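Heads up: the structure comes next, in structure tokens.
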Amino acid sequence: MGAGAGHPGRLGTAGLSAAGRGPPRPGFPGAGGGRVTRRRGAHVALGGRRVPGSPALAAKLPRLVPGAWLVLGSELVSALGSGMTAPLLVVYLHGVRGIPLGPATLAAAVGPLVSFFGNPLGGLLADRLGARRVIVIGLAVAAVATAALGMVHSLASVVAAIAFMGGGLSIALPSQDSLLGHLVPPEQRPTAFALRYLSFNLGMGAGGLIAALAVDTKHPSSFTLAYAADGATFLLAALAITGPALRGATPARRTRIPLREALPHSRPLWVLCGLGMLFTLVGFGQFKITTYGITGASTRLLGFAYLANTLTVVAAQMPVLRLTRTWLRHRTLAVVGVMWGAAWLLIWSADRLWGGCLVVAAAVIALGECLMSTSLPPTINDLAPSEELGRYNASFLMARTLGNLAAPALAAAFLSTGLGPQLALFLAALACAIALPCLRLPRLMSAPAETVR
């Protein structure tokens, strides 16, 4: 990905007017890609190709290179395994292995903590060795550690298994984003990253359903089998990445990258990373942590809310992608902030008006997630020089991991003092406030001494 002035993801050259008319102006490209689908006689231009038929028909057909579909397929397979185990980790440690609830909860936090430090290493290795190799190494480590987790008994062995699993995933995940960014041209990145988010949610939802039907604390062996199956899905995903369609996709560099360059020195990148951390702090992860403490909702109602979130993502991701094809990305992100602010107000009102507000709020958050998947990850990859894709994606993942670590700390500060409703109002205000810097992103990401490549 070069630094040419015509690059669709570069600031100041690729923005579209709000009505989709007139010459480009400073701003983000459209959320649906750098180029807008245009009619050319009886054909439709999609990503530089002419597709016979109507615009509506062509818009429904995602056009990606075969290698990108392999990456998305591997994401679906690995998420299927994670869906069977991740939601039940604390249940497994406490209910099956007899580890006290407090230490079991802290042990579960080891994975995100290791990921925070492992993400920059993963990005550095992806740019040095090639993303494909690093994905295979990371998934192999995660596979062994996950399978071992189903057989451990002591707290020390649990912590070690979770640490190795988190370490393997922390280098594999930014490398997957880097590989996808290398494979697809800029105008296809919104579609590719939207499909990646859709694949993840499909896999997690299906895995969760399998776990609900087959895993039970009364049968400890069912957890052992679930963790073994999870490890097997990581190996299958790694096998898909080794396919011939991906060979040579991200060649290794011959020059050494100093450790001090693990984090890129780019103001635009860190502005986006800051927004990514804030969005994570007020997103669905926070919803899962705090909703019970805020509303005291039943597990049945919370289950329906989680289901509504997953089903909304699955049903709405592609329609949202088509709807936002001509939207400016910074305005799309501002819409996400306002939507999530409204969702937290619904959560605040759930025990005052109607419990079903929780289900509606979960669906609203899911719509925001769909919008974000077409905006933030593609922009990160559009900003990155091709030789730094791994480090740019790793920095973004590290910022989101920081948001995931900060979310329970923020929740504990409010909930431990009985301020659940005030927490919901604070998160609503914070989400709406995030919309303001989003609207100013083109200015915030521009600096006289900074060349946005």
Enumeration of residues in region 289-307 that are at pLDDT 75 or above and open to solvent by less than 20 Å² (accessible area, probe 1.4 Å)
Thr290, Thr291, Ile294, Ala305
Residue list for region 309-322, filter: open to solvent by 20 Å² or more (accessible area, probe 1.4 Å) and either within 23 Å of Gly420 (Cβ to Cβ) or among the polar types (S, T, N, Q) (or both):
Thr310, Thr312
Quick test for you: out of Pro408, Pro421, Pro377, pick the one residue that is under 30 Å from His265 (Cβ atoms) and either touching a residue at least 24 places away in the same chain (Cβ under 8 Å) or not basic (Lys, Arg) (or both).
Pro377
Quick one: is Val134 touching a helix residue (DSSP H, G or I) at 6+ places or on another chain (Cβ under 8 Å) and either surrounded by fewer than 23 Cβ atoms within 10 Å (Cβ to Cβ) or among the small types (Gly, Ala, Ser) (or both)?
no
Taking region 215-241 and keeping residues without any contact (Cβ under 8 Å) to a residue 12 or more places away in the chain and in a loop (DSSP other than H, G, I, E, B) leaves Asp216, Lys218, His219
Quick check on region 145-167. Is at least one of its residues closer than 20 Å to Leu72 by Cβ and in contact with a Leu (Cβ under 9 Å, 6 or more places away or on another chain)?
no
Under 18 Å from Gly166 (Cβ atoms), in contact with a Gly (Cβ under 7 Å, 6 or more places away or on another chain) and of a type in the set (Ser, Thr, Tyr), is that true of Thr85?
no
Does at least one position in region 397-419 carry a residue that is farther than 30 Å from Glu187 by Cα, assigned to a helix (DSSP H, G or I) and open to solvent by less than 10 Å² (accessible area, probe 1.4 Å)?
yes
Could you check region 283-319 and list, in sequence order, the residues that are within 13 Å of Ala343 (Cα to Cα) and not in a helix (DSSP H, G or I)?
Gly283
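The values are calculated or read from the model by the stated rules, or taken from the named source; none is laboratory data. These numbers were taken from a predicted model, which means no experiment stands behind them. Here Cβ is always computed from backbone atoms with ideal geometry, including for glycine, and neighbour counts include all displayed protein chains. What goes into the accessible areas is simple: the full protein's heavy atoms, side chains included, and nothing from ligands, DNA or RNA. Shrake-Rupley method; radii C 1.70, N 1.55, O 1.52, S 1.80 Å.
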